[in-house]
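Take a look at the structure below.
The values are calculated or read from the model by the stated rules, or taken from the named source; none is laboratory data. The structure presented is a predicted model; accordingly, all values stated were derived computationally and were not measured. Cβ placement follows ideal geometry from the backbone for every residue including glycine, while neighbour counts extend to all protein chains displayed. Heavy atoms of the whole protein, side chains included, go into the accessibility calculation; ligands, DNA and RNA do not. Shrake-Rupley method; radii C 1.70, N 1.55, O 1.52, S 1.80 Å.
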Amino acid sequence: MSRFYRLLARRPLTLALLLLPIGAFFVYFFALRYDIPWFDEYESISDFLRRFLAADSFVGKMEALLKPNNEHRLAYARLVVVGQYLLTGGLNFAGLMLWGNLGMVVIFWLLYRALRRADDPAAHALTPRSLGDKALIGMLPVVLILFTAQNYLLTFTALYTLQYLAIIMLAMLTLYVLTTDRLLYFGIALPMGVFSTFSMGNGLLLWPAGAAVLFVQRRWAALGVWLATGALSGWLYFLGYPVQQGNADGFTYVLEHPIKTLAGFLIFAGSVFDLFPILPVEPRSYLPLIMGFILMAGLVYWVASVVIRREKATSFFDVFLLGCLLFVLANIGLIAVFRIRFYFGMVLHSSYRTYSLVLWAIACVLLFSRLPDVWRVKVWPGLWLMFLGVNVLTYGTYIPEAIERRKHMQAMTFNQRYSDIGLGGTRNTKLARYISDLTKLMHDRGWYNLPDPTITPDEKRLLGPAERSVPTEPLQITQRPDYIVVDNHDANYQLGVNMATYLVLKSDKHTYLVLAARIRPQGRRFWRVLPGFTAAMPTAIVQPGRYRIGLFRTYPDHSQTQFTDRFVDIP
């Protein structure tokens with residue numbers, strides 16, 4: 001391993017191995033991005049911009065900026081939206097995704113900056129580098145952890161990147177400034193903390209994390225001011241707060257299911273090792289549970305050693321990482337307490353995965369700083385190879401999930417464009433009309449248009465009369481209360497960036513599409529992936545009537561429509 005370590009330590013190769021995963025991530029991003037809003041984004045982005053521009057006073061604009069979406073205020077996300085509008089005159093959701101994902105670069109940079117100072121106990125944010133090129137070697141596994149396809153739902157949802165990812169970035173920036181024991185920096189950290197609080201409800205967790213930073217540094221006056229400012233921020237955050245989501249039920253659930261909650265926390269913490277997302281939740285959870293336990297055992301020991309000491313902590317690196325760890329762990333705990341009572345699989349949900357990615361990145365940086373040189377030479381090449389394997393493998397297993405998500409969004413956009421429903425809400429509801437009206441408003445004002453075509457240039461032929469029946473592979477049609485499910489076991493079925501099959505429901509007045517997704521393993525034989533597809537059309541978005549069943553197949557150079565002689569009735 002020593003020869004391999006020396007190879008990795010060659011500066012040109014080290015820099016290449018750091019830049020390649022970042023470049024690969026953004027190649028993946030640009031290949032699969034889409035400019036489509038979804039559900040909450042209509043209220044938090046489109047309707048916000050309408051209200052913000054309509055406000056004729058500073059107070060009115062601040063009210064629009066700080067109005068909660070569910071339990072979260074979204075100051076950062078909405079300021080980014082305003083900035084995009086001022087620069088471009090419109091909205092581009094793919095552009096917002098890109099800006100949000102750049103937050104991961106900031107997180108990587110902060111961890112690198114901190115690691116450079118790990119060998120100097122008296123270092124602070126302005127101290128010249130200490131570890132130097134060794135810090136670059138320490139970041140080799142970190143870049144593989146952070147820049148991955150595992151959190152594809154976040155990567156390709158504008159609001160998620162400007163909310164979940166952004167709050168981690170903002171909290172780490174604030175803690176980076178706060179950890180520097182200088183009055184000016186503390187004065188800057190206070191408004192940064194307030195801004196983070198109003199950028200997402202989870203930003204409230206920054207205050208106890210920051211308090212721990214100041215406590216171990218024995219900065220008592222600053223601690224008092226920090227806590228007072230945090231209390232004021234919390235009071236202002238909940239002032240006029242309209243949302244009550246029954247979060248007290250989460251604590252009740254914990255008391256009734258303590259072991260299950262703890263297991264959920266550990267699985268979430270170890271979810272970087274959720275390698276095969278197509279599998280059922282239970283077999284997916286085994287490895288993350290083991291890795292989460294190992295990780296937490298080490299981190300709890302280290303946190304205790306930093307916090308429980310008589311003398312004040314003087315290492316900028318230790319204190320900064322302590323604050324970051326506490327903030328990320330508090331977020332993971334929050335989700336374990338308040339989300340798994342709805343569905344245990346939430347601990348493996350892709351939109352939340354970023355917390356686990358950052359947790360493991362922090363742990364890697366911490367481990368590198370603690371290893372003596374003789375052990376770095378032995379351990380680090382193996383650790384890098386392990387995370388290289390995880391990174392490459394999960395690109396292979398998660399990209400199909402990201403492609404399915406993209407195809408699903410395209411089908412829902414087709415429904416929204418041609419049937420006024422699909423991107424949120426159910427038929428004939430206030431929410432559906434709200435989204436339809438906002439889609440029209442964005443078009444009329446020149447802010448944004450739904451993609452045209454939504455799927456292929458010849459998709460409009462689906463709106464014409466149904467073609468005569470064409471033989472297809474046998475279709476199994478199941479009419480459930482909430483879904484029309486169509487299954488097929490074609491061994492040649494393929495799903496790719498430019499290739500997919502959509503279920504078509506067509507009546508005299510309406511045409512609806514939904515993606516035909518891969519069949520997922522079921523039961524004890526979770527390793528067995530059956531050929532073919534399954535398509536589930538939610539009946540709640542379909543207007544009542546008699547619908548003919550068809551398939552719309554897309555290929556790189558053409559598309560094909562196949563209507564059957566089978567019908568379903570939607571009440």
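Side notes on the structure shown:
- If you go through the range 177-204 and keep only what is touching a Leu at 6+ places or on another chain (Cβ under 7 Å), farther than 18 Å from A77 by Cβ and of a type in the set (A, V, I, L, M), you end up with just A189.
- Contact map, the range 334-359: residues that are assigned by the TED database to the domain that holds L279 paired with residues that are open to solvent by 20 Å² or more (accessible area, probe 1.4 Å) and at pLDDT below 90, Cβ distance under 6 Å, separation 6+ or inter-chain. Pairs shown: V337/V254; F338/N247; R341/Y253; M346/R339.
- Unmet requirement for V337, which otherwise passes all of (1) β-branched (V, I, T); (2) open to solvent by 10 Å² or more (accessible area, probe 1.4 Å); (3) outside any helix (DSSP H, G or I): (3)
- Of the residues in the range 563-571, not one is within 28 Å of L32 (Cβ to Cβ) and buried (at least 19 other Cβ atoms within 10 Å of the Cβ).
- Residue count for the range 212-230, restricted to those that are part of a helix (DSSP H, G or I) and either surrounded by 19 or more Cβ atoms within 10 Å (Cβ to Cβ) or touching a residue at least 24 places away in the same chain (Cβ under 8 Å) (or both): 10.
- The listed residues are G464, G396, and the only one of them that is open to solvent by 40 Å² or more (accessible area, probe 1.4 Å) and free of Cβ contacts under 8 Å to residues at least 60 places away in the same chain turns out to be G396.
- The C-beta contact set for the range 279-301 (first residue farther than 30 Å from L530 by Cβ, second residue of a type in the set (V, I, T), distance under 7 angstrom, 6+ apart or interchain) comprises G292/I267.
- Filter result for L385 (open to solvent by 30 Å² or more (accessible area, probe 1.4 Å), modelled with pLDDT of 95 or more, more than 24 Å from V303 (Cα to Cα) and within 21 Å of the chain's Cα centre (by Cα)): no
- Residue within the range 354-370 that is open to solvent by 30 Å² or more (accessible area, probe 1.4 Å), under 30 Å from D318 (Cβ atoms) and modelled with pLDDT under 95 present: yes
- Considering residues of the range 5-19 that are of a type in the set (A, V, I, L, M) and loosely packed, with under 13 Cβ neighbours inside 10 Å only, the residue nearest to P372 (Cα to Cα): L7
- Here M346 clears all of (1) among the aliphatic types (A, V, I, L, M); (2) buried (at least 20 other Cβ atoms within 10 Å of the Cβ); (3) within 21 Å of T394 (Cα to Cα) except the condition numbered (2).
- R427 being assigned by the TED database to the domain that holds L329 and among the charged types (D, E, K, R): no
- Only one entry in V27, V59 is out of contact with any helix residue (DSSP H, G or I) (no Cβ under 8 Å at 6 or more places or on another chain), β-branched (V, I, T), under 27 Å from K407 (Cα atoms) and surrounded by fewer than 17 Cβ atoms within 10 Å (Cβ to Cβ), namely V27.
- Subset of the range 187-211 [part of a helix (DSSP H, G or I) and either of a type in the set (D, E, K, R) or open to solvent by 20 Å² or more (accessible area, probe 1.4 Å) (or both)]: G187, I188, L190, P191, M192, V194, F195, L204, L205, P208
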